[in-house]
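Enquirer: Starting off with a structure, shown below.
The values are calculated or read from the model by the stated rules, or taken from the named source; none is laboratory data. Every value quoted in this text rests on a predicted model; they were computed, and no experiment measured them. Glycine gets a Cβ as well: all are built from the backbone with ideal geometry, and neighbour counts include every protein chain shown. Keep in mind that these areas ignore ligands, DNA and RNA; they rest on the heavy atoms of the full protein, side chains included. Shrake-Rupley method; radii C 1.70, N 1.55, O 1.52, S 1.80 Å.
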Amino acid sequence: MPRWIKRLALGLAGLVVLALLGVGGYAWRATPAHGGELKLQGLAGEVRIERDNHGIPTVRAASLRDAMYGLGVVHAQDRLWQLETHRRIGSGRLAEAFGAGALDTDRFLRALGVRRAAQAQWERTSGEAREVLEAYAAGVNAGIGQASWALPPEFLVLGVKPEPWTPVDSLAWALMMAWDLGGNWNAELARLRLASRLPLERLNQIVPPYPGDAPVRTRDYPALYAELGLRAGALRRALVDLPDVAPPSGIEGTGSNNWVVAGARSVTGSPLLANDPHLRLSVPALWYFARIEAPDVKAAGATMPGLPSVVLGQNADIAWGFTNTGPDVQDLYLERVKDGDASRYLTPDGDAAFEVREETVRVKGQPELKLRLRTTRHGPVISDAGTLADVVGARPEAAPLVLAMRWTALDPDADPIGAGLKMLRARSVDDFVAASALWVAPMQNMVVADRAGRIGFVAAGRVPLRRPDNDLQGLAPAPGWDARYDWAGWLPAPQTPREFDPPRGWLATANQRIHGADYPHHLTHDWTLPFRQQRIEQLLQARPKHSLDDLARMQADEVSLAATPVLPWLRAARPAHPQAAAAQAALAGWDGRMSADSAAPLIHWAWLRHLTRALFVDELGVEDFERLFGPRTFFDAVLGVIERGDAWWCDDKTTPAVETCAEMSTRAMAAALDELTQRFGPDVSAWRWGPAHASVAEHRPFSRVKALARVFELRVPVGGDSYTVNATRVTLKPHPTTGELYLNEHGASMRALYDVANPAQSRVMHSSGQSGLPWSSRYRSFLQRWAGVDHVPLWPAAGEATAGGTLVLKPDGR
């Protein structure tokens, strides 16, 4: 071999070694210290941070203030990029880092005024809540200071630097979590859009009432919108440009589970509590487990980077868990601009001036954008974002309209941190319920148990009262100049639904309707379908006493009661297709169990997807269908059509023939088998639900870059579906980079099981790992356990509390 080739080879090898050493050195420097001692400014006393072998820290301090400072430090150490994204979302500043692709989201969040509302709430925050928010921010900033010489890779790739964290950032993130759990405005906008296509009778069939209820009696709002001059073309575009930040409303699998059994129904003789909140899956997970120990607080559970609190968990005396109530606390108003004076709009008492502000949105690689944003007496004008502008177009001779939103979470007197601190210190069910009266948004179904053996449920949150003559009932956007649609005060906190120590020995919620027919107040008309709740009740009633292991098996349950009513139609669909016989063989004897190793769930969901298209595309058009039905099935609408044998919906209006529901079901099966054969091959016996339905934890923003997604994104095959207790929502919208259907992108973001009398038995799990650094073993250390519905101890055993290192924070006297 020529000498020059050897020298070149050696030189290249040397460069590779240097590159690897450089990468390794960077990774080492960017990995935070979990042991040793740090001197930091802003502390009043010493803080000890002990991490167990799972990376879960115990933060010990001589005051709650210093403990929350320590929580800020560990959040910054392990989740700095996540904090950065939380701050940018709450401020509407994503486009600065991500470019023009995030501009619509920024415009919408600026129009909504999230950070503006958080600033107003901060100005009214006082006492311990203010002290804790300031201490937490100081802790985050101390952690940022320690990391500034080697930032996580997202900062380097995108060329951004972390800015100092502020208490307003925390309150803005709390608002964004309320936004994520509130989708009523989106349901109103969907009805507005459908009103351009359908008369009220048909609209109530495609967005049907809660099972067993008659349609809500309202005025004919499709006729109302026609009278107002809203253009059909604009209505059809009303949702097309909504940014991804818009939360879903009524989509299957949205919600959570919680239940608690009393001592009489527990093998321990004391209460046991289970909770699994269902949220969009992300990496790192939304939750970060931690333990807080201060003189008057000893608590452990799920914290959220950005917030100084244990949101869900257990203290020395109680355990608690939340699910989303989903109340109607958002109303949209069509505001009429005064003819000849665009600076004013009409009210019941004449005209009033818009409150106007100007904001600047910076966009990476592009000129900055100036926004002129308005507010009315109801709230922010969200159509000023531009993404909704077409919905309010009118006939040239009619006065123009804008779209404003009223939402409880934007109220300046909301104090989520103060309410959360009181819950954290509660020592009994009664203490916890008293603290919940301060909770504003998002409204939550809270279950709680205490060491004295009591169990309770309370729906906590601020609920608006509506006038008896409000003939839209919050279902669709209302004329803002008509006083009958204004809110008429608040439901007193003691009058929200609640229940304590029932004779049956258990309480449970799963986003179903939480009150009986005799409840006198309106909460919402858009409850989640009750299949998960029905299955939870079946399992709770199946045995006289339960253990924590029994509750864990309940969390893993994959029986979908939603499959039962459609099974006869599914089995009767026998097209002339080469795979039809094998598909029916796979469905024979199937009971709706959504097992990962079965073909039947895959056939079921593909058939359901194509049946939905067959029933509704011809009436709605492709554009409206894809926006409204593309990500979901509208299962209740489909079920209603086939159970009624509704010829109007089943007939394909694009053909001269008159099709029956049975024919459309068979056509849907043929299309489903075509799709599955093309994707998975002709051997039906080799089809499996788990790989097709893999859980995908999104990394923001690198999931959108195929090469980087392989490193940063997390995937694992799972069973379950949108209606199982082990809720793994089926995504019917193609994946943005791979085009895959049926993935799971929304599910149990964390699972918890609490033994109130013996906390050492309590256990938890979330969907990724404690670290946000992709090279860390704790970036994905929980993934397989999460997929298998396994857990880790919430409180470490003796000798394990410091297995992950001990970091001591001491005050820097400078």
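Enquirer: Taking +1 at the Cβ of each Lys and Arg and -1 at the Cβ of each Asp and Glu, which of Val458, Leu410, Pro442 sits farthest along the dipole of segment 390-505 towards its positive end, judged by Cα position relative to the Cα centre?
Expert: Of the candidates, Val458 comes out farthest on the positive side.
Enquirer: If you don't mind, there's one more thing I want to ask. Amide H to amide H under 5 Å from Val311: which residues, 5+ apart in sequence or cross-chain, H placed 1.01 Å off N in plane?
Expert: Ala302, Thr303, Met304
Enquirer: What's the local net charge at Leu38, with K and R +1, D and E -1, over the other residues with C-beta under 10 Å away?
Expert: That sum, taken over residues with Cβ under 10 Å, equals 0.
Enquirer: What is the local net charge at Asp755, summed over the other residues whose Cβ is closer than 12 Å to its Cβ (Lys, Arg +1; Asp, Glu -1)? The partial results should precede the final answer.
Expert: Numbers: positive: Arg451, Arg763; negative: Asp549.
In short, +1.
Enquirer: Using modelled backbone amide H atoms (1.01 Å from N, in-plane), which distant-in-sequence or interchain residues come within less than 5 Å of Ile56's amide H?
Expert: none
Enquirer: Given R₀ = 51 Å, what would the calculated FRET efficiency be for His735 paired with Asp411, taking r from the Cβ atoms and rounding to 0.05? It would help to have the intermediate numbers written out before the result.
Expert: Working: r = 38 Å, r/R0 = 0.74.
Using R0 = 51 Å, I get an efficiency of 0.85.
Enquirer: Please report, in debye to the nearest 20, how large the charge dipole of segment 658-749 is about its Cα centre when each Lys and Arg carries +1 at its beta carbon and each Asp and Glu carries -1 there. Walk me through the intermediate numbers first.
Expert: Values: 10 positive and 10 negative charges, 98 e Å.
Roughly 480 debye for segment 658-749.
Enquirer: Then there's this: Report, in whole Å, the centroid distance computed from the Cα atoms of segment 709-747 and segment 274-315.
Expert: 24 Å
Enquirer: How large is Rg over Rh for the chain, taking Rg from the Cα atoms and Rh as the Kirkwood inverse mean of 1/r across Cα pairs?
Expert: Working: Rg = 27.2 Å, Rh = 28.0 Å.
Rounded to two decimals, Rg over Rh is 0.97.
Enquirer: For segment 594-669, state which trypsin sites (Lys or Arg not before Pro) are in a DSSP loop and have at most 10 other beta carbons lying within 10 Å of their beta carbon.
Expert: Nothing satisfies the criteria.
Enquirer: Got a sec? Which residues in segment 139-177 would a label at Trp28 touch, if it sits 7 Å along Cα→Cβ and we count backbone N under 15 Å?
Expert: In segment 139-177, the label zone of Trp28 (backbone N under 15 Å from the point 7 Å along Cα→Cβ) covers 150.
Enquirer: Right, next: Counting only protein heavy atoms and using a 1.4 Å probe, what share of the accessible area of segment 77-203 belongs to carbon plus sulfur, as a whole percent? List each step's numbers first, then the result.
Expert: Numbers: 1890 of 3830 Å².
That share works out to 49 percent.
Enquirer: Place a point 7 Å from the Cα of Glu663 along the Cα-to-Cβ direction; which residues of segment 566-586 have their backbone N under 20 Å from it?
Expert: Inside the label zone: 569-577.
Enquirer: For the chain, with every protein chain kept in place, what is the accessible area per residue (1.4 Å probe, Å²)?
Expert: On the way: 29960 Å² over 814 residues.
Result: 37 Å² per residue.
Enquirer: Moving to a separate point now. Gain in length, Ala572 to Arg484, computed as 0.36 nm per residue apart minus the alpha-carbon separation, to one decimal in nm? Don't skip to the answer; put the middle values down first.
Expert: Working: separation 88, 0.36 × 88 = 31.68 nm, distance 5.02 nm.
Net length gain for the segment: 26.7 nm.
Enquirer: Cβ under 13 Å from Ser776's Cβ, Ser776 left aside: what net charge do those residues give with Lys, Arg +1 and Asp, Glu -1?
Expert: Working: positive: Arg51, Arg79, Arg778, Arg780; negative: Asp78.
My count for the surroundings of Ser776 gives +3.
Enquirer: Could you report the accessible area of Asp646 in Å², rounded to 10, computed with a 1.4 Å probe on the protein chains as they sit in the structure?
Expert: For Asp646, solvent-accessible area is about 20 Å².
Enquirer: Using only Cα atoms, locate the centre of segment 190-204 and the centre of segment 523-551, then give the distance between them in Å, rounded to an integer.
Expert: Rounded to whole Å, the Cα centres lie 33 Å apart.
Enquirer: Rank these by accessible area, largest first, 1.4 Å probe: Val458, Val157, Val705.
Expert: Working: Val458 0, Val157 90, Val705 65 Å².
The residues order as Val157, Val705, Val458, largest area first.
Enquirer: Under 5 Å between amide H atoms, partner at least 5 residues away or on a different chain: which partners does Trp506 have, H built in plane at 1.01 Å?
Expert: Ala262
Enquirer: Now a separate question. Restricting to DSSP loop positions (anything but H, G, I, E, B) with no more than 15 other Cβ atoms inside 10 Å of their own Cβ, which trypsin sites (Lys or Arg not before Pro) remain in segment 420-510? Before the final figure, lay out the partial values.
Expert: On the way: sites: Lys422, Arg425, Arg427, Arg451, Arg454, Arg462, Arg466, Arg484, Arg498, Arg504; in loops: Arg427, Arg451, Arg454, Arg462, Arg504.
Of the trypsin sites (Lys or Arg not before Pro), the ones in loops of segment 420-510 whose Cβ has at most 15 other Cβ atoms within 10 Å are Arg427, Arg504.
Enquirer: In whole angstrom, note down how far apart the Cα centers of segment 350-370 and segment 659-691 are.
Expert: One Cα centre to the other: 49 Å.
Enquirer: Spelling out what I want: for every residue of segment 719-732, take phi, set θ = phi - 60°, compute 6.51 cos²θ - 1.76 cosθ + 1.60 (Karplus), and round to whole Hz; glycine and proline get x.
Expert: The phi angles translate into x, x, 7, 5, 10, 8, 4, 6, 6, 10, 3, 8, 8, 9 Hz.
Enquirer: If you plug each phi of segment 674-691 into the Karplus form 6.51 cos²θ - 1.76 cosθ + 1.60 with θ = phi - 60°, what whole-Hz ³J(HN,Hα) values come out, in order, with x for Gly and Pro?
Expert: The phi angles translate into 4, 4, 5, 5, 5, 8, 10, x, x, 7, 4, 5, 8, 5, 9, 5, x, x Hz.
Enquirer: Which of rounded, prolate or oblate describes segment 302-367 when judged by the alpha-carbon gyration tensor and an a/c cut-off of 1.5? Please report the intermediate quantities before stating the final value.
Expert: Numbers: a/c = 4.07, a/b = 1.82, b/c = 2.24.
Judged from the Cα gyration tensor, segment 302-367 comes out oblate (a/c at least 1.5, b/c at or above a/b).
Enquirer: What distance in nm lies between label points placed 7 Å from Cα along the C-beta direction at Gln678 and Asp812?
Expert: 6.1 nm
Enquirer: Add -39500 (n - 2.57) for each DSSP H run of 4 or more in the chain, then divide by its residues: what number comes out at 222 nm, to the nearest 500 deg cm²/dmol?
Expert: Details: 26 runs with 281 residues, N = 814.
For the chain, the value works out to -10500 deg cm²/dmol.
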